[in-house]
Amino acid sequence: MPEANPILHLKDVRYRWPGRASFGLNVPDLSLAKSETVLLLGESGSGKSTLLSLICGTIIAETGRISVAGTDIASLSAGTRDRFRAEQIGLIFQQFNLLPFASVHDNILLPLQFAPERRKRVADLKVEATSLCQHLGLPDDVMTARAGALSVGQQQRVAAARALIGTPPLIIADEPTSSLDAATQATFLELLFAQSRAHGTTLLMVSHDARLSSQFDRVINMADIATSERGAT
């Protein structure tokens, strides 16, 4: 049975990038339930990045509906959409996108500056940021460290803490383990899953690595949910 109130739902979505020989993506139906961990697999060029951009509202579908936490994102103005994204979606980027000269503390709290409702869910900013770091296996003194001085694995965990703080209902992780060795990758995923379960957060992780499949509640292949097309418009 389909989820009655999915955190994420795409229905009859179609988008084509402008220009000749452009890339187009069609998604007939996709739903993610609350607290579900989902691995989205796809080769390079399969449309994963386009799909994430559509979900985040940085591009708008030509047809169809995309709802996040019950809100049709196409119904929002550009500015409202940016604020909505900050409130409802925690993002973990492949390259982390941390501010290298800012402290770990400031990097983790950065999204809350653009998300007042998400900020209200944090009773004590320092306590919450420190707790997330501890649960993600970071050292006790990491909060005052410069983000750029950390190891790759530590930066990865800071990026996860930044996505998790304020408990947004949806976490999107774009190839977050591609630069990690196998042991660090397994530890990172275990910690990320634990935090997602603790806060009832839905996790959508994008990867090309099918070896991760057994660790997720559900595995989706791009080829099974979307069709892509290339050619003149």
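The values are calculated or read from the model by the stated rules, or taken from the named source; none is laboratory data. Predicted model, so just to flag it, every value in this text is computed and none were measured. All Cβ positions, glycine included, derive from the backbone under ideal geometry; neighbour counts span all protein chains shown.
For every residue, the table says whether it meets (1) assigned to a helix (DSSP H, G or I); (2) under 28 Å from Leu212 (Cα atoms); (3) without any contact (Cβ under 8 Å) to a residue 12 or more places away in the chain; (4) of a type outside the set (Phe, Trp, Tyr).
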| residue | (1), (2), (3), (4) |
| --- | --- |
| Val27 | no, yes, no, yes |
| Ser35 | no, yes, no, yes |
| Leu39 | no, yes, no, yes |
| Ser53 | yes, yes, yes, yes |
| Ser67 | no, yes, no, yes |
| Ala74 | yes, no, no, yes |
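Any chance you could count how many residues in the range 77-107 are over 22 Å from Leu52 (Cα atoms), assigned to a helix (DSSP H, G or I) and not polar (S, T, N, Q)?
Summing the residues that are over 22 Å from Leu52 (Cα atoms), assigned to a helix (DSSP H, G or I) and not polar (S, T, N, Q) in the range 77-107 gives 3.
What single numbered condition from (1) in contact (Cβ under 8 Å) with a residue 60 or more places away in the chain; (2) out of contact with any Cys (no Cβ under 8 Å at 6 or more places or on another chain); (3) crowded, with 20+ Cβ neighbours inside 10 Å; (4) within 22 Å of Ser207 (Cβ to Cβ) fails to hold for Leu10?
The single condition Leu10 does not satisfy is (1).
Counting just the residues of the range 178-213 that are β-branched (Val, Ile, Thr) and farther than 23 Å from Leu8 by Cα, which one comes out modelled with the lowest pLDDT?
Within the range 178-213, the match that is modelled with the lowest pLDDT is Thr184.
Quick one: in the range 81-126, of everything that is in contact with a Cys (Cβ under 8 Å, 6 or more places away or on another chain) and in contact (Cβ under 8 Å) with a residue 40 or more places away in the chain, which residue is farthest from Phe188 (Cα to Cα)?
Looking at the filtered set, the residue picked out is Ile89.
Consider Val68 carefully, then state whether it is within 19 Å of Ala159 (Cβ to Cβ), modelled with pLDDT of 95 or more, touching a Leu at 6+ places or on another chain (Cβ under 8 Å) and not polar (S, T, N, Q).
no
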